[in-house]
Amino acid sequence: MTLLRKPWIWSFVAAGAVWIVTVLATGGSSSLGLSQAALTFAAFSVMVGTGQMFVITLGPGNIDLAVPATMTLSGTVALKFMAENNGLILPGLGIAVLIGLCVGISNYVLIKALRIPPIIATLSLSFIVQSSAIWTNRGLRVKPPSAMADFTTDLTLGIPNLALIALAVTVAAWFLLNRSIYGRWISAIGQSLPAARMAGIPVDGVRLATYVLCAILASVTGYLLACFSGGAALNMGAEYLLMSIAVVVIGGTAVAGGDSNVPGIWGASLFMFLVVSMLNTYGFGAGFRLILTGLIIITVILAASGRQARIQ
Amino acid sequence: MRWLSADAMRLAVPALALVALLVGIFWMQPRAMSYNGFNLLFNLAVPIALATLGQMMIMAVNDLDLSMGTFVSFVACVTATFLQSDPLIGVLILLAAIATYAVIGVVIHLRQLPSIVVTLGMSFVWGGLAVLILPAPGGSAPGWIRAIMISKPPLVPMAIIASIIIAAVAHLIVMRSSFGVLVRGVGGNARSVQRAGWSIIAARAGAYAMAATFAVAAGIALVGLTTSADANIALRYTLLSIAGVILGGGEFIGGRVSAIGAVIGALTLTLAGSFLSFLRISSDWQIGAQGMILIAVLGLRLLLNRFEVKRS
């Protein structure tokens, strides 16, 4: 029964239950389409959630509120640069990564130089990044290059390409966290920063790398999301602020830091998407859908806290 | 030579930033230095200041409220519909909402939940309720609040009078009443407050209820200005209120908050937005300016702190 002890198993159980309930409503006819849609949309939450998880693992108070603004800016700038030209797809991706790099470094410079809590540093920076996105966008809607639009909406062996990319990201994240010295350092810092410093861990370097990693994952997700949805919109990152935090917490990562959980992010992301489509299938309006989503988040966190209390 | 206490120093920086912004605006546009000019500049600051005070109550007990923006939107929707047509039902709904906040504060404490996640879940709930009440923008303001918000007292504009009254009342509650001392004590050292025989649960319930009361006032004041409401009317308040508290010298932990500072912080952030239109810089950079003011003030405070340490 070791599988049942894993903190991430519950998010998958919940996602599976919601999937069954949804498919039952349509008499089983939608099972393939629903699964593919769930994998596609979960992929975006998984990628930003993975970055946010690295940051949250750094310990109490560490959070990146610049994620949505970074997504919007990178999507806007990259699409404008590519100008529907298939030859510029890779340079466009490079620009997205570069934006993530700049945002991540600026985030940590603010945290370190001004000694302000990460929540305020990333918040102030996100205001500036969002403004830059508004300024570059100017209400234009540039289409993505056709090859990129096809790639992001296509399937490989029945699985959405985006889900495969997200899977690769999570596998890499898992190795980074559990099998590399960098991952051990992050957990050590999250459990006790002074102790980590005493142990000779390069605390500043590790924290800088983590904020950069989170920002790059956000900017690449923004690039893919803009290509997938046929153009960048100024509010396209908005829902991912709460989503990136929610999937990390529901997935079983400790909010207090020092203990992260990669598989749980997939379970939680699938769950979050499936809940919305289940409520849609059963004909709930937007209001009830939001209320139920909120109540489910609170129920999950209540259940998770009970579980932790029993283990201790 | 210590001519200023440490607390006064913390207040001085945001106050100076506010004065500097005002001087800048008057220098560029002397006509703004009038009764109507002041009213226009500070009108929208009143609801933001109230929401900031609400966030401050939550931060005083070391929590963070990510649902502030959706809650104020929800209150605005109730105000523009029920409170206007059936005042009794409207009042009952708002009282129930305040009670809900108190319950959330107790649940967070009893189950040792992360406040960020619980309020994140609640933000969906409030958002959903707001959509149910007002699916499309509309409603109308109750006559009395409209009358208060557009009233023109002699000599000093309403926005200024309201800000001063709000700051004074909040200051009395937080700094001078035994309830305020208790709440800040819970934030500073919950265990010693408990040992001294106080009920932490009651203090936290009180802090959350007081936060909701300020937020309700914010929603009502907002509708008094805009005369109608929609479910997304105040979403920006979540981040603005956190920024305002920090700008005014508050801290995330330790029960260190300042009511006067929070109001000044909210006024500064509001002015930072309109400052740009006087510089004839495109309004695209409006949010960016708020980010930059935030960084500048925090940087200045750090400099002053260093100066202070060197001198002593």
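Test of understanding: among A:274, A:292, A:270, which residue is hydrophobic (A, V, I, L, M, F, W, C) and surrounded by fewer than 20 Cβ atoms within 10 Å (Cβ to Cβ)? Lay out the reasoning, then the answer.
Details: A:274 fails: surrounded by fewer than 20 Cβ atoms within 10 Å (Cβ to Cβ); A:270 fails: surrounded by fewer than 20 Cβ atoms within 10 Å (Cβ to Cβ).
Matching residue, one of A:274, A:292, A:270: A:292.
Among the candidates A:99, A:105, single out the residue that is within 29 Å of residue B:250 (Cβ to Cβ), at pLDDT 85 or above and more than 14 Å from chain B (Cβ to nearest Cβ). Testing whether each residue is within 29 Å of residue B:250 (Cβ to Cβ), at pLDDT 85 or above and more than 14 Å from chain B (Cβ to nearest Cβ) leaves just A:105. Set side by side, the residues A:225, A:155, A:164 differ, and just one is under 30 Å from residue A:83 (Cβ atoms) and touching a strand residue (DSSP E or B) at 6+ places or on another chain (Cβ under 9 Å), which is A:164.
Scanning the stretch B:16-64 for residues that are closer than 29 Å to residue A:65 by Cβ and not in a helix (DSSP H, G or I) gives B:43, B:44, B:61, B:62, B:63, B:64.
Screening the candidates B:241, B:258, B:274 for the property of being more than 17 Å from residue B:9 (Cα to Cα) and more than 14 Å from chain A (Cβ to nearest Cβ) yields one hit, B:274.
Any chance you could count how many residues in the stretch B:109-144 are under 29 Å from residue B:63 (Cβ atoms) and either hydrophobic (A, V, I, L, M, F, W, C) or at the interface with chain A (Cβ under 8 Å from one of its Cβ atoms) (or both)? Please lay out each step first, then the result.
Applying the first criterion (under 29 Å from residue B:63 (Cβ atoms)) to the stretch B:109-144 yields B:109-134.
Then keep just the ones that are either hydrophobic (A, V, I, L, M, F, W, C) or at the interface with chain A (Cβ under 8 Å from one of its Cβ atoms) (or both); that gives B:110-114, B:116-118, B:120-134.
Of the residues in the stretch B:109-144, 23 are under 29 Å from residue B:63 (Cβ atoms) and either hydrophobic (A, V, I, L, M, F, W, C) or at the interface with chain A (Cβ under 8 Å from one of its Cβ atoms) (or both).
For the stretch A:284-292, the criterion of being within 9 Å of chain B (Cβ to nearest Cβ), of a type in the set (Phe, Trp, Tyr) and either in contact with a strand residue (DSSP E or B) (Cβ under 8 Å, 6 or more places away or on another chain) or part of a helix (DSSP H, G or I) (or both) is met by at least one residue.
With a requirement of 1 or more residues that are more than 21 Å from residue A:109 (Cβ to Cβ) and more than 14 Å from chain B (Cβ to nearest Cβ), the helices (runs of 4 or more DSSP H) lying completely within the stretch A:191-271 that satisfy it span A:193-198, A:203-228.
Within the stretch B:74-88, is there a residue that is modelled with pLDDT of 90 or more, over 22 Å from residue B:189 (Cα atoms) and within 12 Å of chain A (Cβ to nearest Cβ)? Scanning the stretch B:74-88, I find at least one residue that is modelled with pLDDT of 90 or more, over 22 Å from residue B:189 (Cα atoms) and within 12 Å of chain A (Cβ to nearest Cβ), so the answer is yes.
Okay, residues lined up against (1) surrounded by fewer than 24 Cβ atoms within 10 Å (Cβ to Cβ); (2) within 14 Å of chain B (Cβ to nearest Cβ):
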position: A:42; (1), (2): no, no
position: A:54; (1), (2): no, no
position: A:58; (1), (2): no, no
position: A:68; (1), (2): no, yes
position: A:89; (1), (2): yes, no
position: A:115; (1), (2): yes, yes
position: A:133; (1), (2): no, yes
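Scanning the stretch A:148-169 for residues that are modelled with pLDDT of 75 or more, within 19 Å of residue A:78 (Cα to Cα), among the aliphatic types (A, V, I, L, M) and in contact with a Ser or Thr (Cβ under 6 Å, 6 or more places away or on another chain) turns up at least one hit.
Looking only at the stretch A:155-168, decide whether some residue is part of a loop (DSSP other than H, G, I, E, B), more than 14 Å from every other protein chain (Cβ to nearest Cβ) and surrounded by 14 or more Cβ atoms within 10 Å (Cβ to Cβ). No: the stretch A:155-168 contains no residue that is part of a loop (DSSP other than H, G, I, E, B), more than 14 Å from every other protein chain (Cβ to nearest Cβ) and surrounded by 14 or more Cβ atoms within 10 Å (Cβ to Cβ). Taking into account only those residues within the stretch B:35-91 that are crowded, with 24+ Cβ neighbours inside 10 Å and among the aromatic types (Phe, Trp, Tyr), which is nearest to residue B:172 (Cα to Cα)? Among them, the one singled out is B:71. In this structure, does residue B:144 turn out to be surrounded by fewer than 22 Cβ atoms within 10 Å (Cβ to Cβ) and modelled with pLDDT of 85 or more? Yes; evaluated as a whole, the condition is true for this residue.
Restricted to the stretch B:244-254, and to residues there that are over 11 Å from the mean Cα position of the chain (by Cα) and more than 7 Å from every other protein chain (Cβ to nearest Cβ), the residue that is farthest from residue B:295 (Cα to Cα) is B:254.
Being of a type outside the set (A, V, I, L, M, F, W, C) and either outside any helix (DSSP H, G or I) or under 24 Å from residue A:143 (Cα atoms) (or both) is the filter here, so list the residues in the stretch A:81-120 that pass it.
Taking the stretch A:81-120 as the starting set, the residues that turn out to be of a type outside the set (A, V, I, L, M, F, W, C) are A:84-87, A:91-92, A:94, A:100, A:104, A:106-108, A:112, A:115, A:117-118.
Scanning the stretch A:81-120 gives A:84, A:85, A:86, A:87, A:91, A:92, A:94, A:100, A:115, A:117.
Applying the condition of being of a type in the set (A, V, I, L, M, F, W, C) and crowded, with 24+ Cβ neighbours inside 10 Å to the stretch A:70-87 and asking which residue is farthest from the other protein chains (Cβ to nearest Cβ) yields A:82.
Do we find a residue being out of contact with any strand residue (DSSP E or B) (no Cβ under 8 Å at 6 or more places or on another chain), within 14 Å of chain A (Cβ to nearest Cβ) and surrounded by 24 or more Cβ atoms within 10 Å (Cβ to Cβ) anywhere in the stretch B:182-189? No: the stretch B:182-189 contains no residue that is out of contact with any strand residue (DSSP E or B) (no Cβ under 8 Å at 6 or more places or on another chain), within 14 Å of chain A (Cβ to nearest Cβ) and surrounded by 24 or more Cβ atoms within 10 Å (Cβ to Cβ). Within the stretch B:278-300, being at the interface with chain A (Cβ under 7 Å from one of its Cβ atoms) and closer than 20 Å to residue B:12 by Cα holds for B:290, B:291, B:292, B:294, B:295, B:298, B:299. Residue pairs whose Cβ atoms lie under 7 Å apart, separated by 6 or more positions or on different chains, with the first residue in the stretch B:159-181 and modelled with pLDDT under 90 and the second surrounded by fewer than 13 Cβ atoms within 10 Å (Cβ to Cβ), are B:161/B:153.
The values are calculated or read from the model by the stated rules, or taken from the named source; none is laboratory data. Everything quoted here is computed from the prediction, not taken from an experiment. Cβ: placed from backbone, ideal geometry, glycine included. Neighbour counts: every protein chain shown.
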